[in-house]
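Student: I'd like to ask you about the structure that follows.
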Amino acid sequence: YAKFVNKTATGTSIFMNFPPSSLSGIPELSEFPKEICSMYDVNQVMIIKNKIASIPPEIVNMKSLTNLNLSSNALTSLPVELCQLTQLTKLNLSNNPITDFPVEIAQLKNLKKLNLKNTNLSEEKQAELQALLPNCKISF
């Protein structure tokens, strides 16, 4: 995954935001790559239009992560370890069949934008999430 790592003045990012294909060189992923979780200095990860169905608990190691975009995947829930990424300011999980989230998501005090458009969250879960993250702009 080293070829997808970009170092810039604003930090280190992993961009896999083109559809998987042999032309783009991006593999189609069904799991979040555990190898990425050991890249502690990464502040942005964008892996969209894949088939990622789960996020490994090792994501807790990515303490510098501020922006996570896993839109258009196959996620149905989030691991509690994601809620320990207290530097996270943007989280895009749109176009995933998400039905639930851990209540520990309230620990994400720095989260400013949460995109949950085109998910399977019930109105009750949406209201619960807004109560847990009162300072976050949530898009449903």
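Student: Against the condition modelled with pLDDT of 95 or more and surrounded by fewer than 16 Cβ atoms within 10 Å (Cβ to Cβ), how does Glu81 come out, does it pass?
Tutor: no
Student: What number goes with the only condition from (1) more than 20 Å from Thr119 (Cα to Cα); (2) modelled with pLDDT under 90; (3) open to solvent by 70 Å² or more (accessible area, probe 1.4 Å); (4) not in a strand (DSSP E or B) that Ser30 does not pass?
Tutor: (1)
Student: Conditions: (1) among the polar types (S, T, N, Q); (2) exposed (fewer than 14 other Cβ atoms within 10 Å of the Cβ); (3) under 22 Å from Gln44 (Cβ atoms). Ser122 meets all but one. Number of the miss?
Tutor: Against the list (1) among the polar types (S, T, N, Q); (2) exposed (fewer than 14 other Cβ atoms within 10 Å of the Cβ); (3) under 22 Å from Gln44 (Cβ atoms), Ser122 comes up short only on (3).
Student: Which of the residues belonging to the range 94-119 are assigned to a loop (DSSP other than H, G, I, E, B) and either surrounded by 19 or more Cβ atoms within 10 Å (Cβ to Cβ) or out of contact with any Ser or Thr (no Cβ under 7 Å at 6 or more places or on another chain) (or both)?
Tutor: Result: Ser94, Asn95, Asn96, Ile98, Phe101, Pro102, Leu108, Leu111, Leu116, Thr119.
Student: Being modelled with pLDDT of 95 or more and not in a loop (DSSP other than H, G, I, E, B) is the requirement here; does Ala74 meet it?
Tutor: Judged against the criteria, Ala74 is not a match.
Student: Any chance the range 127-136 includes a residue that's within 16 Å of Leu78 (Cα to Cα) and either polar (S, T, N, Q) or open to solvent by 80 Å² or more (accessible area, probe 1.4 Å) (or both)? Before the answer, list the steps.
Tutor: Narrowing the range 127-136 to residues within 16 Å of Leu78 (Cα to Cα): 128-129, 132-133.
Next, only the ones that are either polar (S, T, N, Q) or open to solvent by 80 Å² or more (accessible area, probe 1.4 Å) (or both) stay: none.
No, the conditions are met nowhere in the range 127-136.
The values are calculated or read from the model by the stated rules, or taken from the named source; none is laboratory data. The structure presented is a predicted model; accordingly, all values stated were derived computationally and were not measured. Note that each Cβ is placed from the backbone with ideal geometry, even for glycine, and that neighbours are counted across all protein chains shown. Please note that ligands, DNA and RNA were not included when accessible areas were found on the heavy atoms of the full protein model with its side chains. Shrake-Rupley method; radii C 1.70, N 1.55, O 1.52, S 1.80 Å.
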